[in-house]
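Read the structure below first, then the notes.
The values are calculated or read from the model by the stated rules, or taken from the named source; none is laboratory data. From a predicted model like this one, the values you see are computed outputs, not experimental measurements. Reconstructed Cβ throughout: ideal geometry from the backbone, glycine too, with neighbour counts over all protein chains shown. Please note that ligands, DNA and RNA were not included when accessible areas were found on the heavy atoms of the full protein model with its side chains. Shrake-Rupley method; radii C 1.70, N 1.55, O 1.52, S 1.80 Å.
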Amino acid sequence: MDAITTGSFPEAVALRPGRGRDRWFDSYLSRIVERDAADISDARRLADLPFVLRMIAARNAEELNTTDIAKESGIPATSLTRLIHLLETLCLVRRIPAWGTNRSKRVIQRPKAMLLDTGLAARLV
């Protein structure tokens, strides 16, 4: 369980569990939003990025239902889709396409979304 909540960022692994590691994750998330996301995107709702990341972390590896997240968060679905795409570009989130075993049927399930670092996911939840 310690390895899962630590994650795989070398800086986080080097820190002891507790406040120091929590501060590192908080600082990392703040840097991502303030610097990296702002540098590569002109999205208007960048302030909502940490909240969207928390919503995805709470539903880690579940079907990505943007309609439900939009209702819960009050963020318009179009903005939410752009923010999720931005999180993918930042290599924080990955969408896993829906798939089925029957090749002749159309796949109607939604893709799943997951945070790529378990430590960050644990901190956000």
Under-5 Å amide H pairs with ALA113, H placed in peptide plane, nonlocal only: ALA61, GLU62, LEU64, ILE96
Built amide H within the under 5 Å cut-off of VAL93, gap 5+: GLU88, LEU116
For the stretch 1-44 versus the stretch 71-103, the gap between their alpha-carbon centres in whole angstrom: 20 Å
Chain lengthening between ALA58 and SER30 when straightened (0.36 nm per residue, less Cα-Cα): 8.2 nm
Vicinal HN-Hα couplings computed from phi for the stretch 19-26 (Karplus, 6.51 cos²θ - 1.76 cosθ + 1.60; Hz; Gly/Pro x): 4, x, 5, 4, 4, 4, 4, 4
Gained length - ALA3 relative to ALA38, 0.36 nm times residue gap less alpha-carbon distance: 9.5 nm
For the stretch 30-41, 3J(HN,Hα) per residue [Karplus equation, 6.51 cos²θ - 1.76 cosθ + 1.60, θ = phi - 60°, Hz, x = Gly/Pro]: 5, 5, 4, 6, 6, 9, 5, 5, 5, 6, 9, 9
Structure-derived Cα Rg over 2.2 N^0.38 Å: which label, when the choices are (1) 1.14; (2) 1.02; (3) 2.40: (1)
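Rounded to the nearest 500 deg cm²/dmol, what is the calculated helix-only ellipticity per residue at 222 nm for the chain, with -39500 (n - 2.57) per DSSP H run of length n ≥ 4? Intermediate values should be presented prior to the final figure.
Numbers: 7 runs with 61 residues, N = 125.
Value at 222 nm, helices only: -13500 deg cm²/dmol.
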Surface share of carbon and sulfur [accessible, 1.4 angstrom probe, percent] for the chain: 51 percent
Crossing angle, helix 49-58 versus the chain [Cα axis fit, 0-90 degrees, rounded to tens]: 70 degrees
Cα→Cβ-extended label distance, 7 Å offset, between THR81 and GLU11, nm: 3.4 nm
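So if we plug the beta-carbon distance of ALA47 and LYS112 into 1/(1 + (r/R0)^6) with R0 = 25 Å, what FRET efficiency do we get, rounded to 0.05? Kindly include the intermediate steps, with their values, before the conclusion.
Numbers: r = 26 Å, r/R0 = 1.04.
That gives a FRET efficiency of 0.45.
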